[in-house]
Amino acid sequence: MEPIKKNGLDREVKRHEMNVEKIQTIVNDMIEMGFVFETGELRDLGSSCVILHDRAIEMAQKDSSRIRISFKRDADYKETLYRLNEAIENNAKELKNTLLHHTSTPLEIEAFEINGGVVSVSLDWMESKEREYTILPTGEREHALQLVDNVKKAIDELNTFVVGNDNFGKGISTSQDGRRCLCWLDGDGNFHEDKEAYEFI
């Protein structure tokens, strides 16, 4: 048994690739605000923002420390911290919208990485998705595949057997098919045999 590739991997990767540009805009805004912004910060922005809010405090303290007059320093600190926290909250909201958190099929923040300020889809994530969308061989799966193959061969053989007989539509069919057949499956997958149909062979 060869590994089986499940459908949907290419579509899932493409969905994430299509949003790189939107996330890049968010990252650019955070960098312009003075944040050092890499993959860890992006993931923080997509969750609790604890790291970024702590970083904002450090940045505001450093920025206001150059002012010698204490009340001006305090006012500058509060104003700077407010602007930084506002940028965090606005971009966190924008990121969650971009990641489709309000839908039943959100994007994965782990799919994105930042290198030197540039957003891309992570190769590690793509490799993990490749594994997730691959059904590997096992003894039980080999056995199931063999059983299914046996059924397929039997169906093909039965349908071929009646192909030249005008009295039959198929050898095996379904409950929706009104043509005569030797056996059929109902909507629940139960097998039925029409013994009276043997008269027409």
(1) in a loop (DSSP other than H, G, I, E, B); (2) within 32 Å of the chain's Cα centre (by Cα); (3) of a type in the set (D, E, K, R) all hold for R66 apart from (2)
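Is it true that E196 is open to solvent by 50 Å² or more (accessible area, probe 1.4 Å) and within 30 Å of L9 (Cβ to Cβ)?
Numbers: open to solvent by 50 Å² or more (accessible area, probe 1.4 Å): yes; within 30 Å of L9 (Cβ to Cβ): no.
When the stated conditions are applied, E196 does not pass them.
For G116, state whether it is at positive phi, of a type outside the set (D, E, K, R) and either open to solvent by less than 70 Å² (accessible area, probe 1.4 Å) or out of contact with any helix residue (DSSP H, G or I) (no Cβ under 8 Å at 6 or more places or on another chain) (or both).
On the way: at positive phi: yes; of a type outside the set (D, E, K, R): yes; either open to solvent by less than 70 Å² (accessible area, probe 1.4 Å) or out of contact with any helix residue (DSSP H, G or I) (no Cβ under 8 Å at 6 or more places or on another chain) (or both): yes.
So G116 passes the test.
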Do any residues in the range 119-148 that are closer than 17 Å to G8 by Cα and open to solvent by 70 Å² or more (accessible area, probe 1.4 Å) have Cβ atoms under 7 Å from those of residues that are outside any helix (DSSP H, G or I) and not acidic (D, E), where the two are at least six apart or on different chains, and which pairs are they? L136/P3
Does any residue of the range 157-167 turn out to be in contact with a helix residue (DSSP H, G or I) (Cβ under 6 Å, 6 or more places away or on another chain) and either over 30 Å from A111 (Cβ atoms) or assigned to a helix (DSSP H, G or I) (or both)? yes
Kindly indicate whether L107 is assigned to a helix (DSSP H, G or I) and touching a residue at least 60 places away in the same chain (Cβ under 8 Å). no
Please verify whether I69 is modelled with pLDDT of 95 or more and either over 29 Å from R11 (Cα atoms) or exposed (fewer than 14 other Cβ atoms within 10 Å of the Cβ) (or both), treating the condition exactly as stated. no
Checked against (1) under 30 Å from K6 (Cβ atoms); (2) touching a residue at least 12 places away in the same chain (Cβ under 8 Å), I88 satisfies every condition except (1)
Considering only residues of the range 44-66 that are surrounded by fewer than 17 Cβ atoms within 10 Å (Cβ to Cβ) and in contact with an Asp or Glu (Cβ under 8 Å, 6 or more places away or on another chain), which is nearest to V119 (Cα to Cα)? I51
State yes or no: is H102 open to solvent by 30 Å² or more (accessible area, probe 1.4 Å), modelled with pLDDT under 95 and either within 30 Å of the chain's Cα centre (by Cα) or more than 19 Å from S120 (Cβ to Cβ) (or both)? yes
Can you tell me which residue in the range 33-42 is nearest to L107 (Cα to Cα), limited to those that are crowded, with 17+ Cβ neighbours inside 10 Å and within 23 Å of the chain's Cα centre (by Cα)? L42
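Hey, does the range 89-99 have a residue that's touching a Pro at 6+ places or on another chain (Cβ under 7 Å), modelled with pLDDT of 95 or more, open to solvent by less than 60 Å² (accessible area, probe 1.4 Å) and not assigned by the TED database to the domain that holds G171?
yes
The values are calculated or read from the model by the stated rules, or taken from the named source; none is laboratory data. Computed from a predicted structure; not experimentally measured. Neighbour counts are summed over all protein chains in view; Cβ atoms, including those assigned to glycine, are modelled from backbone coordinates with ideal geometry. To get the accessible areas, we keep the full protein, side chains included, count just its heavy atoms, and leave off ligands, DNA and RNA. Shrake-Rupley method; radii C 1.70, N 1.55, O 1.52, S 1.80 Å.
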